[in-house]
Amino acid sequence: MAAKREEAIGLAEAAGEMVAAAQKHLVQPWPTAGEIGAEARSGILSGDGIYVIDSEGRRLIDGPAGMWCVNAGHRRKELADVLYEQAMALSYNSPWYTMNAPSVALSERLAGHAPGDLDHVFYTTGGSSAVETALRFMQFANNVKGQPDKKMIVSRQGGYHGSTYLSASLNGRPRDHDWMDSAGDQVIKLNCPNPFRRPDGMSEAAFCDFLVEEFGAVIERAGAERIGAFIAEPVMASGGVIVPPDGYLPRMRALCAENDILFIADEVVTAFGRLGHVFASKDVFGIEPDMITFAKGVTSGYFPLGGVMISSRLFEELRRSNHSDAMFAHGLTYSSHPIGCAVALKNLDILEEGLLAHARAISGHFQQSLRTLEDLPLVGEVRGLGLMACIECVADRVSNNPLTLDVTVGKRIDGHCQELGLLVRPLINMCVMSPPLTITLPQIDDMVSILRVSIERTQDELVREGLWRGK
Ligand SMILES: Cc1ncc(COP(=O)(O)O)c(C=O)c1O
């Protein structure tokens with residue numbers, strides 16, 4: 001008893017010190033001006049399987065698997081061992097003038113999983129640099145091919161592609177650009193393919209026609225000779241897990257092919273098992289993109305690594321061009337990092353040896369049990385695919401003060417979930433989930449029970465505070 005109390009006091013002291021130091025020295029992603037440089041977030045001390053332990057000693061289900069990345073779960077000894085062994089064998093080599101065995105072996109394995117002729121990989125440090133690489137490659141290729149005006153990039157409202165300048169310019173979530181500059185003159189944004197928000201009375205099939213026709217009209221207006229690439233997450237992740245209407249991706253892909261526009265599938269979230277396959281483009285949606293960007297789950301988050309799968313056809317076109325001296329002046333110190341690639345190889349073993357099959361086997365239960373929450377009045381829709389899902393609250397339909405409610409409702413649910421043992425990712429009026437793929441059926445049931453109680457508590461709270469009238 002006394003030992004437990006001492007442990008609790010020790011934890012509290014350590015947590016207090018961590019908060020104080022963070023507030024003085026640490027800057028974390030996406031801060032607001034009002035808190036920048038003075039902010040502390042929940043401290044996470046350790047992880048094991050689908051759980052993390054926070055600085056208050058609470059054991060929480062890691063609902064978002066970090067940031068959609070800890071696919072194989074926390075504390076996997078075989079991944080930690082490989083990391084250590086590779087660091088001891090070769091911790092780094094320059095990709096400028098040398099190469100290492102793990103990156104070559106990984107490229108061969110990834111080419112075996114990628115659709116069509118996506119046989120080549122350029123490695124990066126994460127997702128933003130993967131997207132940036134794909135875009136810079138498109139620009140380079142069009143310069144070499146004598147099409148210097150074919151550079152516009154088409155992205156979508158609701159999409160998220162990164163935080164470097166050009167990748168961030170593609171982002172289309174509300175508030176992404178309110179206070180940030182961007183290369184807006186190089187980007188055209190299409191409507192978000194969110195069936196839940198389609199115009200009243202429009203069928204899903206008609207909505208799909210509308211979206212494809214919109215892209216056709218954009219090509220017509222801007223001119224195919226000015227559009228270099230279309231980029232799309234097969235399922236929009238940070239925009240609220242938006243699964244496009246049936247047939248949308250193949251039809252968008254066909255329009256790209258007809259107009260010599262490169263189709264970049266941003267699979268930073270959807271690859272490496274999240275939808276039950278190494279890559280989702282072909283296996284889930286039946287499309288063969290020209291490039292696929294990936295990151296996150298490639299190492300299950302144990303080491304920062306990303307990359308772009310690139311079509312052999314594009315390289316052949318360059319090799320046949322009249323500019324054999326043209327240089328793709330693009331590279332990162334940590335491209336093809338031996339440790340990242342070694343970890344990714346082991347992670348791929350884990351996926352192939354059963355985790356992909358497990359993810360496919362449990363995803364039906366995951367989706368169905370979460371959908372039972374749709375009987376709660378605050379819940380507008382539960383949607384998702386594979387092991388990614390979103391609960392969208394629609395308090396704004398009956399609220400007198402929609403904005404306040406919209407902004408806080410996800411956070412309120414998250415707060416209750418944390419008290420009960422679950423981390424979720426609050427996104428304005430949504431809660432997003434993408435647990436480690438190792439999650440079991442009873443653990444899914446735990447998650448859903450915690451969510452139910454947390455949403456009920458949030459509903460009661462909103463009514464009590466006069467923010468919501470309930471239904
Ligand atoms: C679809 C998608 N693309 C790109 C990125 C950027 O990746 P990173 O944060 O590793 O740079 C993200 C990050 O969440 C993402 O979800």
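Readers should treat all values here as calculations from the given coordinates under stated rules, not as data from a laboratory. Source: prediction; values computed, not measured. Methodologically, a virtual Cβ is constructed for each residue, glycine included, from the backbone with ideal geometry; neighbour enumeration extends over all protein chains shown.
Taking amide H as placed 1.01 Å from N in the peptide plane, residue 49 has its amide H under 5 Å from the amide H of 74, 75, each at least 5 places away in sequence or on another chain.
Karplus-based coupling profile of segment 64-79, in residue order and whole Hz: x, 6, x, 10, 6, 10, 7, 4, 8, x, 7, 6, 8, 4, 5, 6, with θ = phi - 60° in 6.51 cos²θ - 1.76 cosθ + 1.60 and x standing for Gly or Pro.
Taking amide hydrogens as placed 1.01 Å from N in the peptide plane, the amide H of residue 190 sits under 5 Å from those of 155, 156, 157, each at least 5 positions away in sequence or on another chain.
Given an 8 Å cut-off on Cα distances and at least 6 residues of separation, report the relative contact order of the chain as a percent.
20 percent
Using θ = phi - 60° in the Karplus curve 6.51 cos²θ - 1.76 cosθ + 1.60, the 3J(HN,Hα) couplings for segment 315-328 round to 5, 4, 4, 5, 5, 7, 6, 8, 10, 5, 8, 5, 9, 7 Hz; x is entered for Gly and Pro. Classified by the C-alpha gyration tensor, the chain has an oblate form. Its axis ratio a/c, with a ≥ b ≥ c, is 1.5 or above, and a/b does not exceed b/c.
For the cross-link pairs 4/24; 151/189; 77/411; 189/411, the ones whose C-alpha atoms lie over 23 Å apart are 4/24; 77/411; 189/411. Of the trypsin sites (Lys or Arg not before Pro) in segment 281-323, the ones in a loop by DSSP (not H, G, I, E or B) with at most 10 other beta carbons within 10 Å are 320. Residues in segment 351-366 carry Karplus couplings, in order, of 5, 5, 6, x, 5, 5, 5, 4, 4, 5, 5, 9, 5, x, 5, 4 Hz; the curve used is 6.51 cos²θ - 1.76 cosθ + 1.60 with θ = phi - 60°, and Gly or Pro positions show x. Farthest towards the positive end of the charge dipole of segment 114-336, among the residues 275, 241, 122, is the Cα of 122, using unit charges on the Cβ of Lys, Arg, Asp and Glu.
Given the Cα-Cα distance of residue 411 and residue 254 and 0.36 nm per residue of separation, how much length would full extension add, in nm?
Separation in residues times 0.36 nm, less the Cα-Cα distance, equals 52.5 nm.
Around the Cα centre of segment 114-336, unit charges on the Cβ atoms of Lys, Arg, Asp and Glu (plus for the first two, minus for the last two) sum to a dipole of about 320 debye. Cα centroid separation, segment 271-294 to segment 403-471: 30 Å.
In this simple spin-label approximation, residue 185 and residue 35 carry label points 7 Å from Cα along the Cα→Cβ vector, and these lie 3.6 nm apart.
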